[in-house]
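Each value in this text was obtained by applying a stated rule to the coordinates, not by laboratory testing. Values in this document were obtained by computation on a predicted structure and should not be read as measured data. FYI the Cβ positions are ideal-geometry reconstructions off the backbone, even for glycines, and counts take in every protein chain you see.
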Amino acid sequence: YSFPALSCEFASVDVSDVLGTNRLNITKTVRKFSIDRNLVPTGSEFHPGPIPIVNKHGDDVEEDHVDDSVPLSSRNFDSYSHQYPVLVVNFYAPWCYWSNRLKPSWEKTAKIIRERYDPEMDGRILLGNVDCTKEADLCRRHHIQGYPSIRVFRKGSDINSIEKPPNLSLHRDNQGHHDHESYYGERDTESLVAAMETYVANIPKEAHVLALEDKSNKTVDPAKRPAPMTGGCRIEGFVRVKRVPGSVVISARSGSHSFDPSQINVSHYVTQFSFGKRLSPRMFSEFVRLTPYLRGYHDRLAGQSYIVKHGEVNANVTIEHYLQVVKTELVTLRSSKELKVLEEYEYTAHSSLVHSFYVPVVKFHFEPSPMQVLVTEVPRSFSHFITNVCAIIGGVFTVAGILDSIFHNTLRMVKKVELGKNI
């Protein structure tokens, strides 16, 4: 599936059924790739592993705090990001529970970092914040879909020799000045301060004057992942389900972020959606040969698009697909032996749009049918072929004789009429 407006950062594939199975955020057999508006992949696989679970969402003891992080907006964001080698930004929403849990520890961390690394005298790191309810365009520009989202912007070199941790793919903007990543670590003051220290560990104090290389963090930190380069995501792979009614759900999911339902758009294109095992080349050729004898219900959703234009009228739209699955077996008789060529699952599909107050999702409801379709190919014998040929030849002669008799009688009648007129 391709989702032009759902970020890979939070895209989750879940499976449930009537027997109580409930698997969330399947990653072992599912792959995600960031895509642009034209559904073209923009890089390698996104987030090979699951997002680390956040256990500390803030300080246990709430204290009075002063806003020590710098408020950022569309007007000053670029100037600050080009000025400081490391700019760490908290994209939040005032209504978000997790954002409010983070705010005291975030501001306390900003105060500690400001005292250790004075922005005017040292100038290596700065902590800022963005209110996404006021700066919606800025948040969309950085593909913020969950709150709070902590982004680490690094000031790099225009040369492509920036050293990066192994297996860590960073994002560079069109100007080639900055790489940025997402922070998913613990959110208490101690953990945040420790993370900020690692960001500036090997950056010289004069880095705010020179464009230097960032050589910190030589190892992969599970709390850091590449930030989404685009706002879309392509999801491919497979999931195992039981032969009972159930559903596959694709949605934005996180245990430590909040989502604005009106900003989530689950419009999607279906490239392939089928049940059963992937066909081998031999079986696929047999399937193509025998397809005219089937009902044509294999992969009915392939090539279909379900697009909802984002706006106030179309906000909070969940897209549901209802699938009736029927098992189909293709059997052929070759050399007087019964051979099962293919075991396939066909399905009918009905789709609908549902408005709700919850975060929009895509649901594929499937229900296996108790009926089974059996298609048998029976080769005909040579004697049957000869009989059919003789029948065809005999039919041709018979029809030709009838036509000849009609034609002859017609001529006789015409001649008699002419003789009668002459007399």
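For the reader, a short list of remarks on this structure follows.
- Our estimate of slack between SER356 and VAL193, defined as 0.36 nm per intervening residue step minus the Cα-Cα distance, is 54.7 nm.
- Label-to-label distance, nm, for residues given as LEU419 and ILE406 (7 Å Cα→Cβ offset): 2.5 nm
- As a calculated quantity, the FRET efficiency between ASP36 and PHE385 at R0 = 60 Å, using C-beta atoms, amounts to about 0.55.
- Size descriptor, Kirkwood hydrodynamic radius, that averages inverse alpha-carbon separations across segment 56-137, Å: 13.3 Å
- Distance between the pseudo-spin-label points of PHE397 and PHE238 (7 Å out from Cα toward the beta carbon): 5.8 nm.
- Per-residue packing, averaged as other Cβ atoms within 10 Å, sorts the ranges 383-390, 188-195 into the order 188-195, 383-390, beginning with the highest.
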